[in-house]
Amino acid sequence: MYLVNRNSEEKNEKKVNDSSDDAEKTHSLQPPSDSAHTEDRADPTVESLCMQLQELQKLFEHTTENQKQKIKELEERMDSSQMDLSSSNRTSGMISESAMGSTGLDESEASTRQMSRKYSKLQASYSDTCQLNLDDFSKQTSLVFLHPEDVRAGRDYSDEELERVALRRYPSRIFITNVQIEWNTVWLRTRHTDHHSHRTTFVQVRDAIKADFITNNPLGAKYSLTELFNMCYGMEKSNYYSFACTLASAFSEGARNTEFSRCMLEHHEQKQELERMHEETKAENPQMTTKELQVKVLKEQQLKLKKRLLQLMDIVFSKLKQKQLLVDEHKNNIYRVVRCMTYYNETSFPYFYAFFSFVFQVTASIYVILNVSPLVEGFLDNDGELVWDWNTAFRNLPLALVTFCYGIMVALPELRSTRKIFVNFYGKLRLLAFMDAVVNLVLPVVLPFFGFVVVLQGETFIDSVFNSVALVFITEIDDQLPRLLELDVLDIVQGFLVDRAIDEYESENGERKIPSIQFSDMHITNTEESGSRPSKGVTFQPYEVFGIDGEKIIEPSGSATVSRSRRRRQKAHKHLLRVQQLLKDGDDGQQVANKRSVTTDCLLKKISWQYTEGFDNSSRPRIGHLKLEKLVGANRNIEICGKQKAKDEKSKTWYSVKGVYIITSFSMSDDILRLRICGSHGENAPVNFVRGFEYYNLWPLHPDVREILSNPRLKKELCPGNQREEVDLNRVLYGSKDKHSLRNYGSIRMGFETRNEGESDVECSV
């Protein structure tokens, strides 16, 4: 049967290893024998030497010269034994904890040695998984296992590692495994290393899929989903954005950038299912070899894991979308809060709050409408004709206009947000949804028009003021009532969303539809993944890019008056003088500034960069030359050059991405030290960019951004004629591929093909 021999061998090996480990542990804990006090022992242990030294030091005051010489020799033997033991530990990793404590080894050094042994297991897991060749990008020849501590310490790549780096892709990927090191089982992969440093934890993602799919533990899966949602619910915004960007890249195009270790795919809990799949595949393809059958079965298993993982995370992200609307955007009126309070509770008393607010607002609105009808006393003359007091109307006209404009300005965003609420929160038109629709869809449109007439009818100035304030207050009753009743909205919404997520998990049949979104998160420099850390000078937000040439020079129009044209010419002349002075001082006026939302100045069509020269083997490369092409703007091409820019640029490779991207992390001194970007590429880049930001609840998009990205011309501009664009990269002289040219080895395809002059194409898809 499938995997029987493999599992039996693993169990036998495990028994042998366990028995040997127990024997070594027992040996290390045994007390030293009497023969340990003799000087002629053939292979003394560190424990016995320590005990001899302690006993002899107690009698040091009463010793003779021969005994002192004996102690000195014993100390030298102890030092040599300790050095031998440390060397053996680095190669075999079999040192016992008791020996470490008795010899007085440095705790940090011992911890580092233990950690290196554990990380070797992770490296073995990578290699074992890559031997199956389950995906195109998972090749053992491109593995680069660089520990974060080595990166912080400044360790350089070896020549072999540098060759592998040139074959790797930039988008962030995750590797899910059973190897647990420091409570971590999900590993971040980037172009720079297969063990990229990250401050955000992804363990709950692995626990959820393992409990649900592999071990079939519904209780554990529900707990992991709850913990994952609560973690995202309580995260600081920038930390969540970094977490979501990484997962968006990993889940891109059906979790293409997500891999599971071989031990996860061949878990013993899935033994019967794998054997069944093996028999079915063998019956359908009898000509396949055992190795081919095994790979095919594991590929199917991995596809099932990816699909189920996307379904579980879709539950979490959909609830986070509701949390964003209700909590972050403060769209939690009394009707929505009451729905959260009563959906899973039998108590009906909160309905009283909703009914009270609805009756109050509707009644007040009816009174406003009746106030403008001819039935009001004194509005008709003796002949029954409509009479207007035009003096009073003209007197109240300014206040009436201001009140009308305020009502319209408030109504428009309220209509948009209420529409989102009905799509993402209510789903069906029930009683609370009906009351919410009447109050927040009908009344905001009706009241400004009737209120305009009511304010005009005010007999005195103070009456008009009272009428305008009353009109503003009517539409705000449902929004202010939760705060006036001192309801804990955060706790109520969180409890409802958690219960709702568990309910969807228990009721779904595995056919949940998941949108396929192409999205990439790229660490261009090898810096730690994290949100904003102001104390460390790290910011994770959208960045605007603009220069002085981007400012429009105002020219006088033909229809302008003479005086106005003169002012415009003066303003343009001052602008030109400032530009000339800046250029004279060597300042091109370019600027990179972070924002809290994505604006049109954040959108980039193409990003190209070169790494600095002279540090080709560095594991933390810097960018010496950066070219940015904006999607919109007067001056779209912006160049940022560092002081260590390559003098001979023809010997350096240009790396490029094209699509719709934004810069999310940036830091620069003499050169660019930190650069992280995210976005989409391809002909559907604008659509995927907007869908990715909405689905994963990333930074808010400015309305102008949505308008620009919805333009059908942009699709043709990104991919003219649906043809891949060839980018002319400068020639790279390989020669003997020494360490100074290996950084330039190969070329990358970022949504299009690239080519080095005089060399064959090397493709690595994004």
In this structure, among LYS323/LYS428; LYS304/LYS658; LYS210/LYS306; LYS271/LYS304; LYS237/LYS536; LYS237/LYS595, pairs with alpha-carbon gaps over 21 Å are LYS304/LYS658
Quick calc, VAL327 & ASP499: beta-carbon distance into FRET formula, R0 22 Å, rounding 0.05, result 0.85
Descending packing, highest mean Cβ count within 10 Å first, for 241-250, 355-364 is 241-250, 355-364
Between the modelled labels at TYR367 and VAL453 (7 Å from Cα along Cα→Cβ) the distance in nm is 1.8
Region 305-372 and region 613-641 have their Cα centres apart by a whole-number Å value of 47
Surrounding charge for ARG430, neighbours by C-beta under 13 angstrom, Lys/Arg +1, Asp/Glu -1, total +2
Kirkwood-based Rg/Rh on the Cα set of region 317-368 evaluates to 1.10
Taking R0 as 30 Å and r as the Cβ-Cβ distance between ASP156 and TRP183, the FRET efficiency 1/(1 + (r/R0)^6), rounded to the nearest 0.05, comes to 0.50
So for R0 = 51 Å, FRET eff. of PHE360-ASN637 from the Cβ-Cβ r, to 0.05, ends up at 0.30
Cα-based Debye curve of region 218-258 sampled at q = 0.15, 0.29, 0.31 Å⁻¹ gives log₁₀ I(q)/I(0) of -0.47, -0.89, -0.89
Highest mean packing first, using Cβ neighbours within 10 angstrom, the peptides 516-527, 306-317, 590-601 sort as 516-527, 306-317, 590-601
Length gained, GLU253-LYS121, 0.36 nm per residue minus C-alpha separation, equals 44.5 nm
Over all viewing directions the Cα convex hull of region 184-230 casts an average projected area in nm² of 3.7
So, with points 7 Å from each Cα along the Cβ direction, the VAL423-ARG533 label distance in nm works out to 3.8
Rounded to the nearest 10 Å², the 1.4 Å probe accessible area of ASP156 is 80
Site TYR351, offset 7 angstrom along Cα→Cβ, radius 11 Å on amide nitrogen, limited to region 413-452, gives 431-432
Surrounding charge for ASP207, neighbours by C-beta under 14 angstrom, Lys/Arg +1, Asp/Glu -1, total +2
Accessible-area order for ARG206, ARG155, ARG500, largest to smallest, probe 1.4 angstrom, reads ARG155, ARG500, ARG206
The extension gain from MET235 to GLU273, computed as 0.36 nm times the residue separation minus the Cα-Cα distance, is 9.9 nm
Expressed per residue, the solvent accessible area of region 248-323 in Å² (1.4 Å probe) is about 40
With label points set 7 Å from each Cα along the Cα-to-Cβ direction at LEU490 and THR392, the distance between them in nm comes to 5.0
For ARG622 the rounded accessible area (nearest 10 Å², probe 1.4 Å, non-protein molecules ignored) is 100
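The values are calculated or read from the model by the stated rules, or taken from the named source; none is laboratory data. As the structure is a computational prediction, the values presented were derived from the model and not from experiment. Counting neighbours? That spans all protein chains shown, and the Cβs are built from the backbone with ideal geometry, glycine included. Only protein heavy atoms, including side chains, enter the accessible area calculation; ligands, DNA and RNA are left aside. Shrake-Rupley method; radii C 1.70, N 1.55, O 1.52, S 1.80 Å.
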